[in-house]
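> Quick one: the structure is below, and I'll ask about it shortly.
The values are calculated or read from the model by the stated rules, or taken from the named source; none is laboratory data. Predicted model, so just to flag it, every value in this text is computed and none were measured. Note: ideal-geometry Cβ built from the backbone for every residue, glycine included; neighbour counts use all protein chains shown. SASA here: full protein model, heavy atoms, side chains in, ligands and nucleic acids out. Shrake-Rupley method; radii C 1.70, N 1.55, O 1.52, S 1.80 Å.
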Amino acid sequence: MANNLNESSSSSSISFSDFPEDVQLCILSFLGPTEIASFACTSKQFGSLCSNDGKLWFTLCDRRWGSKTLITKWGEGKIPYKVLYNTLHEWENLIGFWRRSGPGSAVISSPSLVFFEWGTSFISAFRVSPVQSQSEICDYQVKKVPFLKMGISEEGQIVNLLDPDGRADLNLDLNFGDGNQLNDLIPVNVCFMGKTHFVLEENVFGRNSSPVHVSGEDCGFGGEDGIGIGVGSGSPPDLLMLEIYQHLANRTSPGSDRSRRQRRKEKGRMARRRWEPQHFVKIVNCSPTELRPLQGLWKGICADMSLAFYLVAYDDIGGIACRRLGDPPERFSSYAPVFWTSNATFMESPFPLEEESLYGSRIHLQPVQPHNENHEQFPMSDIEGANHIQQFHLSENEVVNRILLINASYDLVIPDLAAAPINPRSAEGRIWQYRDGTFGFGFVRDNFVIDMKNIVCDGCIIDAVNLSVD
């Protein structure tokens, strides 16, 4: 009986080799590149199976990104899918919002906020900024202007084209069939410095970057820490070594004719540069969560009735800080948050009468509805006008659920800039969280509330308007 059971169990066991090749490839498509590389080392047969580019690596690409982009359109369908997988694996981290780090470029206006999204056979980046209406009627619309397009040519070249003016149509052929259409675009290199930081610099050596190479590292992140230039996205290594050599040669032989020619050539190349290197940092948490209901990117109407962007972030010790994105005119204002608090504990209802009075007597800075043609602009000190605007705009979903105490840090962080002594009471503020999850904030010294709306929902920009710079 035991022998019969052993014979039955051994005959019923099936090895991986017994499956048809299509089944084997389907199973392997659920693995990652590291696991596939390890499996390919087990036998010559499996090594040949794992190198099946048209089936295995296409399935890997299609399973991961097929719902976001057209896999067969990348590189006109003429590049290996293993190469495409390595490239998209790195570029996938670009999707989302990035903010500029440091001052803007003196050569070309540099965007303070950039949004990357998938295209049919490329990745596009857009300048994102508030729509500044010329009329008195302001709105929550967000402007998207073409900024950068990243793709792969059919020769396997990484192609990154920057649109400095936002006028060109970035849905152009990446193979440069008609060079006249691309004269206004700037070839750039996207140099990754980890997963949340990249440098955008002009490619002064030509339009096409270096070919995409398949390295032994896992998908080109340059090691476990994720720090490296990446797959064909940064400066080509041979060009980097050439620059190092030229720099050392100039130092060792400053008086030679060759070094002078090199310096003149370098000066001419720098004079022709149209884009200065700019650093961008990823906004990882751009939407609120249940545990962090205030975090993310928000938009709100300011006291001058213009639309502004705000970034609210939680720190590791439970504090909250809000900074305004863009290029504010005030000195040091880009370094100091709009408001902050070290205690994120909300005040629940029922609220004291003092808090109800503090909220109820304030103007809600929200756009006037376009259909109300006979609207009036009320002065900030007009209580009757304040009550009219508040009652006109406050919806049922904006009933206050919770209150949070905050501080106005412009006075607290940079007290020397204040013309008069600071009253601690005037530096206090409130966040009023509404029933629909949005919130408004204001300070005791003011008589208005800035109501905040979400910029992004489910990875898409809300109220986006695709425009070009005139």
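> Suppose we keep only residues that are modelled with pLDDT of 90 or more and outside any helix (DSSP H, G or I) within the stretch 51-77. Which one would you say is surrounded by the fewest Cβ atoms within 10 Å (Cβ to Cβ)?
Checking each candidate, the answer is Ser67.
> Which is open to solvent by 30 Å² or more (accessible area, probe 1.4 Å), small (Gly, Ala, Ser) and either closer than 17 Å to Asp446 by Cβ or modelled with pLDDT under 50 (or both), of Ser361, Ser349?
One residue alone meets the criteria, Ser361.
> Taking the condition buried (at least 17 other Cβ atoms within 10 Å of the Cβ), assigned by TED's automatic domain parsing to the domain that holds Phe448 and modelled with pLDDT under 85, does Val312 pass?
Working: buried (at least 17 other Cβ atoms within 10 Å of the Cβ): yes; assigned by TED's automatic domain parsing to the domain that holds Phe448: yes; modelled with pLDDT under 85: no.
Spelling it out, it is not the case that Val312 is buried (at least 17 other Cβ atoms within 10 Å of the Cβ), assigned by TED's automatic domain parsing to the domain that holds Phe448 and modelled with pLDDT under 85.
> Being modelled with pLDDT of 85 or more and not in a helix (DSSP H, G or I) is the filter; apply it to the stretch 1-28 and report the residue that is surrounded by the fewest Cβ atoms within 10 Å (Cβ to Cβ).
Across the stretch 1-28, the extreme among qualifying residues is Pro20.
> Let me ask you something else. Every residue in the stretch 322-340 that is in contact with a strand residue (DSSP E or B) (Cβ under 6 Å, 6 or more places away or on another chain), at pLDDT below 90 and either more than 16 Å from Ile450 (Cα to Cα) or open to solvent by less than 30 Å² (accessible area, probe 1.4 Å) (or both), please.
Across the stretch 322-340, the qualifying residues are Pro337, Val338, Phe339.
> Kindly establish whether Asn160 is at pLDDT 90 or above, part of a strand (DSSP E or B) and at negative phi. Walk me through it before giving the result.
On the way: at pLDDT 90 or above: yes; part of a strand (DSSP E or B): yes; at negative phi: yes.
Spelling it out, Asn160 is indeed at pLDDT 90 or above, part of a strand (DSSP E or B) and at negative phi.
> May I ask you to say which residue of Ser110, Ser124, Ser101 is open to solvent by 20 Å² or more (accessible area, probe 1.4 Å) and among the hydroxyl-bearing types (Ser, Thr, Tyr)?
Values: Ser110 fails: open to solvent by 20 Å² or more (accessible area, probe 1.4 Å); Ser124 fails: open to solvent by 20 Å² or more (accessible area, probe 1.4 Å).
Matching residue, one of Ser110, Ser124, Ser101: Ser101.
> Select from the stretch 420-442 the residues that are open to solvent by 20 Å² or more (accessible area, probe 1.4 Å) and at pLDDT 85 or above and list them in ascending order.
Looking only at the stretch 420-442, we keep the residues that are open to solvent by 20 Å² or more (accessible area, probe 1.4 Å), and these are 420-426, 428, 435-437.
Correct list: Glu428, Arg435, Asp436, Gly437.
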